[in-house]
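A short write-up of the structure that comes next.
The values are calculated or read from the model by the stated rules, or taken from the named source; none is laboratory data. All values reported here derive from a predicted model rather than from experimental measurement. Note that we place each Cβ from the backbone using ideal geometry, even for glycine, and neighbour counts take in every protein chain shown. Protein only, heavy atoms only, side chains kept; ligands, DNA and RNA dropped before computing areas. Shrake-Rupley method; radii C 1.70, N 1.55, O 1.52, S 1.80 Å.
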Amino acid sequence: MKRRGFLKKIPIAASAPMVLNGLPIGLLAKGQLQQVAASSGNEKVLVLIQLHGGNDGLNAVIPIDQYAQYFNLRPNIAIPDNGSRGYIPLDSTLDITDQVGLHPDMVGTKSLYDQGKAAIVQGVSYENHNGSHFRSRDIMFMGGNYDDYFGSGWVGRYLDYRFPNYPDAYPSTEMPDPLGLEIGTTVSLAFHRDNGIPVAVAANDPEGFFDLINSTGGLPPDSVIDTHYGQELQWIMDIEANSNQYADRLKEVFDNGRNTPSVTYPETYPLAASRLKNTLAPQLKLIARMLSGGSKTKIFLAKIGGFDTHGGQVESYDPTLGNHAALLYHISAAMEAFQNDLQGLGLEDRVVTTTFSEFGRRAASNASFGTDHGNAAPMFVFGKAVKPGIIGTNPDLLNLDGNNVTMQVDYRQVFTTILSDFMEASDEAMVRTLFDGFLDKKLDLFSKLVTSTRDDFIAKRFKLNSIYPNPVLDRTTFSYYINTPLMVDLELFDTGGRKIRSLVSGQQTIGEHRLTFDLSDLKPGTYIYRIKAGPLDTAKKLIKI
Amino acid sequence: MASLNPVTGTLGRRRSAHILRRATFGPNKSYINLYAGRTANQAMAELFQATTVPAAPADFENFKGWWVGQMLNSGRSIVEKMVFFYHTHFTTKEEIVGSRRALFHQNQLFRYYALGNFKELTKKICLDNAMMVFLNGRDNDRNNVNENFGREFLELYSIGKGLQIGAGDYTNYTEQDVKEAARVFSGYRNDEEFLTIDPITGIPASYVRNDGGTVATAHDAGVKTFSQAFQNTTIQPNTLVGEDATVAATLDELDQLLNMVFNQDETARHICRKLYRFLMYYEITPEVEQDIIGPLATTFRNNNYDILPVLQQLFQSEHFYDSDNAIVQDDSHAAIIKSPLELAVGTLRYYGVALPASGTQAFYDSIDNGILAPMNLQGMNLLEPFEVAGYPAYHQNPDFHRNWISHNQLARRYQYMAQLMSSMDNFGFQLDAVAYVENNISDPSNGQVIVQELIDDLLPEIITTVRFDYFLNDILLDSLSMANWTTEWFAYQGSNDDSAVRTQLESLFNALMQSPEYQLQ
């Protein structure tokens, strides 16, 4: 595809700013953001979800406009374009070159999108992409170029600046919690500072952690010699001291926290053997609970592995089933539960969640029903603060680079946008994070100019149109639009609230539906027609003459 | 400057403990005393002796326990340490391989080549049944090349990735080389019946897919052209039948590829760096690269990739014993953080803790419950590292073995030390602090002697007098007098009621082993 659609969607900086009443919009937006920051005390939280192994973006987000080419590249694993296990058309209101289908097991993502709480960033990568898992993962953790070799990570550098003198000055009243929390048992490169122990604590069981810390260890050595042994000893001593500092607090927060009672997190993939457990859901559930318990931790990292699908990505007898399908289900279902949980806890405004993976996979599949290492892939950004939609355009499958999807967006543009526009990091913070080179390349992920952005987004995708003609003599045409297949009830009531007639009742497909009815038998007067369809529940007036 | 010049004279206790900690799964008191009176060469003569190949477990399902059993019983031999090294280098995951039998045969391969030729071992790994499954080698055929093994072969197992200097160019190899290597590796299949036997090792291997005769039916018989990084070498079959390579020509291509890769100096350097990080310290300064890695790599290549001369050169060097210069800041004595495996096996070996009779179900159960399960909590799921590159401690910049120490895992390590002393019901074995002291300390009635003799062996570096007083006065004596301990000890000897001394000795053992110092070797 041409880059036209992509450029259109990045209105920030590069070209001359739009002007409104003599004020550049960029500045206006910035002032408003700072006001928001001052009033909220900035309790913004970022949740990172690492998709370990290299997620196959093309089977998660399928380019509808190039379906034939997509199918030709990967006939043995292609998601079908029809049937009950066909891809889920995401949004038919978009330009055709941007329209995508989601994997049929990504119902949760579709639902979040329709609620205006999800964005997809297409074609994320970095220049001169590295085909090694480990190197590429490190690059994205450290926040560098392909040829950078930092010993620190971008999260570590940001939090090290945001909270000076870590770990000596902490815990403090302002920040009683670990600055970062990695769900698991080790701390990734992302959380490393340039010197000293990382800014994050690794934990997956705060209660157990507390008991453990309080029942182990002894007095530390009183001095440390200046050899390699001494350096390693100091490292261990620092981790031990840090554990002692945070153990009580983690338990307190955990005990004070709760999850929304009505929200059930998914446990397994329903279409396969029980061994395909959802390992992400309990991590997100823990994060929600910690936040509800008062945690001020700024950045969380959850991980889900298994994306290195060189073989057996799909089942040989059904390309919509298999390991990758289960993983996409896990992410979508866990994210939907997490978002609902946050909503129930009243925390939805504070949290943005984003996925990332070291690379996408080769556009062409291999014979083992899998895919080899590729390049660019989509990132998913979730949250109520997110401006819903798709950034970038569909990959151009006729112009691949060595059978790889090419880059549209540098991964640091996404992280810079989140830190700067959502977390409200200062420009100085971005300098210290080594992301200042991306401040003029931010993406349109958090538009605050129009407060009703999300409502408008939804209204465009789920709407009941006015009937025509109205007033009605005999025949009139009803029409509505839905952006997802739904149970639709369209009913006619009199002004006393009595149901006069059911016009539509049943499962309906995506798109605009137009139905003409003969209402000549109705008594003259005023009536109400009401539609119920998923997020859509609205009514309009009908006059019969 | 760092130097590989050989040290002279007897080792003494400090250097004896050092070589034993690095070359084996840990010494006991008598081992340390024995090598204290030997020279480095005398010590190596024993450490590097060939061992008899152990018999397979009766049931391959017990492979992991069997393997840990080999480590526990490996005495003063480097063989099992090298088997473990090769496992950290050529890591596979059981979850993907799905066959403990295949993993056992791979493990025997490591043992066969423990002190042998690394290039030969690499070739056998290319044909290994477990690896063939792990990195999709079995799925790699001429119509649909699967790059998984080809990539990791270059990136992890042989020449290693260098700095990325351009699109798809990793200095030592390029994306083109990954694709071409994958073509060389195409057309093999693992043997699920284990009937294909490698003629040299006698160990089951994979085979070239064929027509029942000599024709390789799935191998890409075309010309493979490598990049400038490999001097634009081409590899192709030396014998064709029509458009197909023969089975022999397919295997010959593997030799051509190994020759091409192992003819690069960087391959020898990469393996020597990994060995250095495993045996010495993770940080490789420009000085170490020049004075140590370079000469070791030269030795490696001059000996056609035999590993033994490299090990000998390192283990007898001034650099290994920190005597190559007067600077202390670069000393690496005791600077390796033990893996959970080394912590567990080393502790049991030091105290001579008796497990149930080897090979019995009780034996395997106690290794499962008392070693493998606690190791998992400490961050080491044996044969199931989180990623293809293996356990982060052996490759993950910038922390390397510091990856073993997280908030959680450190506490788990400490907890395990306490569990060892009350674990008979759960583990099927137990560390008896009183019995150990009674049988191994020269004068158990003297608290000072107990603390001194334990510290000498268990803590790898000299400690301050403040620290010593903490272990002696605060912990063992519970702030009471030396005479009181003597009284308590003799009361136990007279009554056989060990409850009083047991409490104090277990406190001391816990304090010594739940310490930052004990995590290092």
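Among the aspartates and glutamates, which have Cα under 19 Å from the Cα of A:Lys441 when same-chain residues fewer than 8 positions away are ignored?
In chain and number order, the partners are A:Glu127, A:Asp410, A:Asp421, A:Glu424, A:Asp427, A:Glu428.
Once neighbouring chains are kept in place and the probe is 1.4 Å, which whole percent of the accessible area of the range B:1-156 is contributed by carbon and sulfur?
Here it works out to 47 percent.
Specify the inter-centroid distance of the range A:325-378 and the range B:203-232, based on alpha-carbon positions, in whole Å.
A separation of 37 Å, based on Cα centres.
Using a basic spin-label model with each label point 7 Å from the Cα along Cα→Cβ, how many nm lie between B:Asn302 and A:Asp248?
6.2
What is the range B:109-206 by shape, rounded, prolate or oblate, if you read a ≥ b ≥ c off the alpha carbon gyration tensor as root eigenvalues and call it rounded for a/c under 1.5, prolate for a/b larger than b/c, and oblate otherwise?
Verdict is oblate for the range B:109-206.
Give the separation of the Cα centroids, the range B:412-490 to the range B:23-56, in Å.
Answer, in whole Å: 26.
For a protection proxy built on the mean count of beta-carbon atoms within 10 angstrom, sort A:457-470, A:517-530, A:372-385, A:392-405 highest first, please.
Result, highest mean Cβ count within 10 Å first: A:372-385, A:392-405, A:457-470, A:517-530.
Please state the relative contact order of the range B:266-315 as a whole percent: Cα pairs under 8 Å, 6+ residues apart?
Taking the mean separation of contacting Cα pairs over the length of the range B:266-315, I get 37 percent.
Give me the extension gain from A:Ser84 to A:Met487: residue separation times 0.36 nm, minus the current Cα-Cα distance, reported in nm with one decimal.
143.5 nm
Heavy-atom accessible area per residue, chain A, 1.4 Å probe: how many Å²?
38
Expressed as an acute angle from 0 to 90° and rounded to the nearest 10, what is the orientation of the C-alpha long axis of helix B:175-184 relative to the principal long axis of chain B?
Here the helix axis deviates by roughly 80 degrees.
If I model a spin label at A:Glu512 and B:Ser499 as a point 7 Å from the Cα along the Cα→Cβ vector, what separation in nanometres do I get?
Modelled inter-label distance: 8.9 nm.
Would you mind giving the total buried accessible surface between chains B and A, with a 1.4 Å probe and ligands, DNA and RNA left out, rounded to the nearest 100 Å²?
That pair hides around 5300 Å² of surface in total.
Hey, got the average number of other protein chain Cβ atoms within 10 angstrom for residues in A:209-221?
Per-residue shielding by partner chains comes out at 6.
Identify all lysines with a Cα-Cα distance to A:Lys117 below 17 Å; exclude those on the same chain that are fewer than 8 residues away in sequence.
Excluding near neighbours in sequence, the set is A:Lys44, A:Lys384, A:Lys387, A:Lys448, A:Lys460.
Could you tell me how far the Cα centroid of the range B:356-411 sits from the Cα centroid of the range A:282-303, in Å?
Measuring centre to centre over Cα atoms gives 27 Å.
Points 7 angstrom from Cα along the Cβ direction at A:Ile543 and A:Asn399: gap in nanometres?
Label at A:Ile543, label at A:Asn399, 5.5 nm between them.
List the pairs from A:Lys303/B:Lys179; B:Lys93/B:Lys179; A:Lys251/B:Lys93; A:Lys298/B:Lys81; B:Lys161/B:Lys338 whose alpha-carbon separation is above 32 Å, in the order I gave them.
From A:Lys303/B:Lys179; B:Lys93/B:Lys179; A:Lys251/B:Lys93; A:Lys298/B:Lys81; B:Lys161/B:Lys338, over 32 Å: A:Lys251/B:Lys93; A:Lys298/B:Lys81.
How far is helix B:100-112 tilted off the main Cα axis of chain B, in degrees rounded to 10, range 0 to 90?
80
Order the following by accessible area, largest value first: A:Ile500, A:Ile139. Probe radius 1.4 Å; ligands, DNA and RNA are ignored.
If we order A:Ile500, A:Ile139 from most to least accessible, we get A:Ile500, A:Ile139.
Could you pull out every one of the aspartates and glutamates with an alpha carbon less than 19 Å from that of A:Lys523, ignoring same-chain neighbours closer than 8 positions?
Counting by Cα, and skipping residues close in sequence, A:Lys523 has these aspartates and glutamates nearby: A:Asp474, A:Glu491, A:Asp494.
I want the local charge near A:Phe462. Using Cβ-Cβ distances under 15 Å, sum +1 for each Lys or Arg and -1 for each Asp or Glu among the other residues.
+2
Please go through the range A:191-297 and write out the GluC sites (Glu not before Pro) that DSSP classes as loop and that have at most 16 other C-beta atoms within 10 Å.
Loop-located and lightly packed - A:Glu267.
Measure nothing but the geometry: give the 0 to 90° angle between the long axis through the Cα atoms of A:25-40 and the longest principal axis through the Cα atoms of chain A, rounded to 10°.
70
What length, rounded to one decimal in nm, is gained on full extension from A:Thr526 through to A:Thr279, with 0.36 nm per residue of separation minus their alpha-carbon distance?
83.4 nm
Between B:Asp425 and A:Glu348, what's the calculated FRET efficiency when r is the beta-carbon distance and R0 is 51 Å? Round to 0.05.
The pair B:Asp425/A:Glu348 has a calculated efficiency of 0.55.
Give me the net charge for the shell around A:Ile528: Cβ to Cβ below 14 angstrom, other residues only, Lys and Arg +1, Asp and Glu -1.
Neighbourhood net charge equals +4.
Using a 1.4 angstrom probe on heavy atoms only, work out the carbon and sulfur share of the accessible area of the range A:462-544 in %.
Roughly 48 percent of what the probe reaches on the range A:462-544 is carbon or sulfur.
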